[in-house]
Amino acid sequence: MESSSSETTQKEDEDKEVTPATYYVSKELVCLLSASRSLKVANRSICPAMDHLLLPLLNAVDEQELQHRSEELLVIHVRPIIRQMLQQRLGLYVNAQGVNTTNHDAEDLYQEAMARTVEVLHADQRLLITIQNFERYVGRIVANICVDYVRSKHPTRARLKDALQYVLRRHADLGSWQYHDALLCGFAAWRNTGKRPVDVSDIDTKLNAFLAARFAHDDVKVARLSRVVRELFDWIGGPVEVDVLVRMLVYIRDIREQQIESLDDVELENSFRSSIGSAESNVETHELLGQLWRVVRRLTPMQRDAFALRFCDQDGRNLFTVLRAAGIVDWTDLAEGMGRSLADIARLWKEMPMDSATVARELRTSQANVYKWHFRALQKLKAELE
């Protein structure tokens, strides 16, 4: 669930300075909730599933009580959730006042989570009275913030997670499912069996044993992701959280964030070879990929970009990776074929495959145009490849 830019956009007169010690509810929120007092307890009949934690806000008799109830909600319920999730998901610590003097990222993320929570309360009373579990709702807000942070700080890990989720969707014997508040993954046969997530303490030692047992004679870095995932599930014997599996894959494939500076660097070539995975070697597949690239080059620039930037194979690899792995193109060929500079190709490679919203931002257009260009590209490809 990607967080939208509208979540962080507020009117200028609503911006309030936040002190590290306390997050005060805005005067506008107090007025908005005061105007909603006519709903009061009647809201329970309008929406009986409404979380009881939110009811005192609607039942406040005056602005002073409303201010008190709102701050109480934020301090008692929201603050601990934010602190706990930042610690669990990112390993970032803030104290009870949201302060970490040695890590400004932690403070910024804490304050952003508080701001987004107040924004929800501020935005629309129709939303407020339909929230069935406020603490879980806050948890989703923090989870989105953590996802955005990881994507910005660790793009390679984010791409790996995207590829893993694609593999879990693509292969019928694999899957992911909700278990309480966690997203688990494993063999599809484990779904709805009540299997609890496997204990993954002392993970480094266990994964070294896994590599020795399952990949003693193979390079796990170039093995198909689907194969590695199946081997892990079979070896573990039970489901794990998706984020935990990502950390396991990062470890066993020795994935590290890389700064691309020169496409002529020999070490860069080695890093690409490690990350692209195994390529199909049969002649038929090689010929098909070569034909695909020739057709892609003949597409209009917009159709070409819409197709190439979104392309993802069954193992989650992007178009540039697949073509490079098969020996169809080198970096110069990609730059010429896409009509872009080498530096631009390197930047795009780090971000691909993209979803339609990201492609729209990259091409500075609407998602509707992206859908249109992508559809027309597929039509031409189908016609020429059949």
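Read-outs throughout are calculated quantities, based only on the coordinates presented, and are distinct from any laboratory measurement. Not measured: the values here are computed from a predicted model. Note that we place each Cβ from the backbone using ideal geometry, even for glycine, and neighbour counts take in every protein chain shown.
Count Lys and Arg as plus one, Asp and Glu as minus one, and take only other residues whose Cβ is under 12 Å from that of Arg298; the net charge is then +3. Fully extending the segment from Arg196 to Thr130, taken as 0.36 nm per residue of separation minus the present Cα-Cα distance, adds 20.7 nm. What does the charge add up to near Ala189, with Lys and Arg as +1, Asp and Glu as -1, over the other residues with Cβ less than 15 Å from its Cβ? Here the count lands on +1.
If the segment from His286 to Ile76 were pulled out straight at 0.36 nm per residue, it would be longer than the present Cα-Cα gap by 69.6 nm. With the simple spin-label model, which puts each label point 7 Å out from Cα in the Cβ direction, the Ala213 to Arg297 separation comes to 4.9 nm. Of the cross-linked pairs Lys221/Lys372; Lys195/Lys350; Lys153/Lys221; Lys221/Lys380; Lys153/Lys372, those separated by over 30 Å at the C-alpha level are Lys221/Lys372; Lys195/Lys350; Lys221/Lys380; Lys153/Lys372. Counting neighbouring beta carbons within 10 Å and listing from fewest to most, the residues Thr156, Thr321, Thr332 come out as Thr332, Thr156, Thr321.
When you filter the chymotrypsin sites (Phe, Trp or Tyr not before Pro) in the range 124-215 for DSSP loop state and at most 16 other Cβ atoms inside 10 Å of their Cβ, you are left with Phe215.
Length gained on full extension, Arg340 to Asp108: 79.9 nm, using 0.36 nm per residue less the C-alpha separation.
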